[in-house]
Amino acid sequence: MENIYLDHAAWLPVDTRVLKFAEGFLKNGVGNASALYSFGLAGKKVIEEAREKVAKLINAESENCIVFTSGATESNNLAIKGTALRNIKKGKKLKASSIEHISVLNPMKELQKNGYEFNTISVDSTGILNLDELERSLTKETVVTSVMYANNEIGTIEPIREISEIVHKKGGYLHVDATAAAGRIPIDVQNDRIDLLTLSSNDIYGPQGTGALYIKKGVKLQSVLPGGGQERGLRSGTENLFGIAGMGEAARIAKNEIAQESERLGKIRDKLIIEILRIDESFLTGHPTQRLPHHASFRFSRIEGESILLNMDMYNIQVSTGSACSSKTLEPSHVLLAIGLKHEEAHGSMVLTLGHSNSIEQIPKITKAVKETVERLRGLSPL
């Protein structure tokens, strides 16, 4: 039976082209990039070439604006804590959208325990940030505002350029978590006037355990991982050459193929949405049009998301129900609650995220499995 993987928001298999490019650095290796002899200089060259590729993916003004990390969570922590601590004289207020990833919300809550003021900005029923509320709530003491480029659970794309204008009018710094968006839609940090932007290697078909943070020239951060001074002194530790080389190559491929792949996946997404919404009491979550091209998210009345996931797996189809990073809790998704769903409504969610392995020919099998799953679970439900 064919396996159909539809949880690319949680994990993407490493592109075979990326693996072929980077595996030599894992098998044979090069020297420590901090060393001055030839092996070390070879390692440094690998890192700098990868840095340039990542910079081009987001149209950074310079490759020197890219700092490599261990992943999106570390990049978010460095952006938020590093900026807040380094600019403490400017103010001690923090803002974030109410649908941010927990790796953004939790660092802000931690800073709140140490004297910072933290508040969230609401979103509408489709997940779009309330711009009027943002403008009213920001002050000159608001040092960092964090708004994701697109949401990983509902697929909604935020109006980042308008948000950046509001934040900068108040004199603050804008951090954008682009984990879900990078490689899916074009990102231009210069055009959008973004100060800090988070990237994840695994979310662009690169190796796990690697990420990057774009830092606009002139933005000052304090290191949250002091040590030997690697990565401009902001992220100490011997560099993961395999992961960094792989992320660079994945960024290069994504830059070249983003338009074609987004168009292909968008057609599959639209057809899936049409077919699945034929099921009684099924609803699309997120914005109907302003959403990621590979992302389709739904809720179904009178059933549980965990049951949907397990039943779909019986059809050899892997889906998600809410955020992969918070799926260990039985609490409903904070994202779905933030867009106004009741607890019982938020529990019945299903998220489909497409990737390289998916095709339009898979749609009949997917929709048939979803329909049968929903009918079976409703037949068992006491509701």
Pairing the Cα long axis of helix 363-380 with the longest principal axis of the chain, what angle in degrees results, from 0 to 90 and rounded to the nearest 10?
60
Exposure proxy order (Cβ contacts within 10 Å, fewest to most) of VAL351, VAL30
VAL30, VAL351
Kindly provide the helix-only [θ] at 222 nm of the chain, computed as the sum of -39,500 (n - 2.57) over DSSP H runs of four or more divided by all residues, to the nearest 500 deg cm²/dmol?
-12500 deg cm²/dmol
With Cα atoms, 0 to 90° folded angle of helix 72-86 axis to the chain main axis:
50
Tell me the net charge near LYS169. Cut-off is 12 Å between Cβ atoms, LYS169 excluded, with +1 for each Lys or Arg and -1 for each Asp or Glu.
0
Over what distance in Å are the Cα centres of region 106-128 and region 176-191 separated?
21
So what is the diffusion coefficient of region 1-137 in µm² per second by Stokes-Einstein at 4 °C and 1.567 mPa s, using a Kirkwood Rh over Cα pairs?
69
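Which order do TYR205, TYR5 fall in if you start with the one that has the fewest other Cβ atoms within 10 Å?
TYR5, TYR205
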Suppose we look only past 16 Å in the calculated P(r) of region 158-255. What percent of the Cα-Cα pairs does that tail hold?
62
What percentages, rounded to whole numbers, describe P(r) for region 148-205 computed over all alpha carbon pairs with 5 Å bin width beginning at zero?
4, 20, 31, 23, 14, 6, 2, 0
To the nearest whole percent, what portion of all C-alpha pairs in region 16-253 is separated by more than 34 angstrom?
14
In nm, give the distance between the simple-model label positions of GLU165 and HIS356, each being 7 Å from the Cα along the Cα-to-Cβ direction.
3.9
Suppose every K and R has +1 on its Cβ and every D and E has -1 on its Cβ; what is the size of the dipole of the chain about the Cα centre, in Debye to the nearest 20?
1040
Note down the nm distance, to one decimal, between modelled labels 7 Å out along Cα→Cβ at ASP313 and at LYS267.
3.3
Of all DSSP beta bridges in the chain, what percent run antiparallel (nearest 5)?
55
With each pseudo-label sitting 7 Å past Cα toward Cβ, what's the ASP280-ARG17 distance in nm, one decimal?
4.8
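None of the figures in this text is laboratory data; all of them are computed from the coordinates on show. Bear in mind that the values here come from a model prediction, so they are computed numbers and not experimental data. Note that each Cβ is placed from the backbone with ideal geometry, even for glycine, and that neighbours are counted across all protein chains shown.
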